[in-house]
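A.B. asks: Here you go, one structure.
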Amino acid sequence: MEMKRDTLQILNLKTRRTISSQLKMEGHPMLCSKLHDEEEVLESQYEGQIGDRLTEEDYTTKNLMDYDQKFSDKVRIYVQGGNGGSGCAAFSRENYGLETPDGGDGGDGGHVYFRSTGRLSSLYDLRRAHFFGNNGGNGLSKQRSGRIGRDMYYSVPLGTEVYEIKKPNPSASLQTADEYKLKLADLDQEGQFVRVATGGWGGQGNISKKDIHFPRVGKEGEKKELELRLKMIADVGFIGFPNAGKSTLLAALTRAFPKIGHYPFTTLRPYVGYAKFVDDTQILFADLPGIIEGAHLNKGLGIEFLQHADRTKALLFVIDGSVGTAEDDKRTPSSDYLTLMNESRSLH
């Protein structure tokens with residue numbers, strides 16, 4: 001416990017250094033000076049341990065997305081199981097010149113599965129995509145069945161929800177107002193998988209049905225239109241108003257590189273980073289996009305981004321202590337806190 005407490009103090013020093021630099025850039029010399037004095041106290045207490053106790057290897061990060069424009073937390077895709085192979089209508093003349101049916105059955109088509117993995121972090125690469133199972137092979141003569149189509153497993157990010165889109169008119173290709181969505185799976189465990197499309201049956205050959213003189217075509221694989229939604233999984237989620245300092249805090253606690261700026265809604269997508277301690281304990285932090293009053297009513301960036309707070313084990317409110325200092329500023333730290341409480345409660 002003492003080692004972990006010391007490690008947290010070192011993290012505290014690193015956090016103060018980063019925030020101090022940020023305050024200096026934003027023109028707050030008094031606050032910056034106060035932080036600097038506290039840094040000197042911590043430095044004297046933990047002299048020589050900053051580089052030894054918490055090395056760069058122990059202080060790793062996992063930045064979920066490389067580019068803002070390549071993050072997507074909701075996509076529509078199409079899946080189809082493999083088609084069944086056709087049966088074979090063949091005859092042998094081995095028994096005194098008589099024709100004997102010996103055509104094999106077609107192989108069944110392969111299924112389509114989605115499997116969750118923590119190595120992926122966005123649905124961006126899955127957008128506008130079609131996913132297919134392998135087709136079954138056609139039956140052959142001499143009572144040989146066609147090969148069975150291989151099942152296909154496609155990887156999706158951990159925390160993906162899978163919905164099947166149901167439409168009154170199946171031929172409609174565009175999104176319609178009267179469609180509804182049936183939840184198929186919530187892939188919130190590593191390696192969890194779900195079958196999303198079933199392969200078609202293979203057609204019968206005349207070894208199975210003697211009166212077949214023409215090949216029986218295999219059944220087409222199941223077709224579905226799906227919607228995938230990603231909800232991030234983290235230990236601690238940072239919730240706050242735009243430009244409250246959430247990204248600065250994440251950069252200080254981890255080596256993630258979130259986008260930091262001096263204007264609202266700098267963070268337009270979630271970022272995560274994790275701190276790994278010397279005892280191999282890990283804490284995964286998530287910097288969520290800024291919310292405003294009424295976000296659950298789709299104001300600001302809307303409820304689409306609030307969904308990422310659903311699966312965090314704890315929410316950390318990041319509040320700007322300088323709000324309310326200007327004469328025309330109606331916000332105060334306490335009012336921000338109450339707003340964040342109301343918005344977070346609306347999630348459940």
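A.B. asks: Could you tell me which of the pairs LYS224/LYS276; LYS224/LYS313; LYS142/LYS219 are separated by over 32 angstrom between their Cα atoms in the structure shown?
C.D. replies: Working: LYS224/LYS276 42 Å; LYS224/LYS313 34 Å; LYS142/LYS219 23 Å.
The answer is LYS224/LYS276; LYS224/LYS313.
A.B. asks: Output wanted: per-residue J couplings in Hz (rounded whole) for segment 331-343, from phi through Karplus 6.51 cos²θ - 1.76 cosθ + 1.60, θ = phi - 60°, x for Gly and Pro.
C.D. replies: For segment 331-343, the Karplus curve yields 7, 9, x, 5, 5, 4, 4, 5, 5, 5, 4, 5, 5 Hz.
A.B. asks: Tell me which residues come under 5 Å, amide H to amide H, from LEU184 once H is placed; ignore anything under 5 positions away on its chain.
C.D. replies: VAL162, TYR163, GLU164
A.B. asks: Could you go through segment 83-89 in sequence order and give the Karplus-derived ³J(HN,Hα) for each residue, using 6.51 cos²θ - 1.76 cosθ + 1.60 with θ = phi - 60°, rounded to whole Hz, and x for Gly and Pro?
C.D. replies: Each residue of segment 83-89 in turn: 6, x, x, 6, x, 10, 9 Hz.
A.B. asks: Further question on the same structure: Using amide H atoms built 1.01 Å from N in the peptide plane, name the residues 5+ places from LEU120, or on other chains, whose amide H lies under 5 Å from its own.
C.D. replies: LEU158
A.B. asks: Distance cut-off 19 Å, Cα to Cα: go down the list LYS181/LYS231; LYS183/LYS231; LYS74/LYS246 and report the pairs above it.
C.D. replies: As for pairs spanning more than 19 Å Cα to Cα, those are LYS74/LYS246.
A.B. asks: Can you list the residues, at least 5 places off or on another chain, whose amide H is less than 5 Å from the amide H of LEU315, using H built in the peptide plane?
C.D. replies: GLY237
A.B. asks: Quick check on packing: order 188-201, 135-148 by the mean number of other C-beta atoms within 10 Å, highest mean leading. Working shown, then result.
C.D. replies: Numbers: 188-201: 18.4, 135-148: 21.2.
Highest mean packing first, the order is 135-148, 188-201.
A.B. asks: For segment 150-157, take each phi angle, set θ = phi - 60°, evaluate the Karplus expression 6.51 cos²θ - 1.76 cosθ + 1.60, and give the result in whole Hz per residue in order, putting x for glycine and proline.
C.D. replies: 6, 5, 10, 10, 10, 7, 10, x
Each reported figure results from applying straightforward, stated rules to the coordinates on display, with no laboratory input. Note that the coordinates shown come from a computational prediction; the quantities given were computed from them, not determined experimentally. Every residue, glycine as well, gets a Cβ built from its backbone with ideal geometry; the counts of neighbours run over all protein chains shown.
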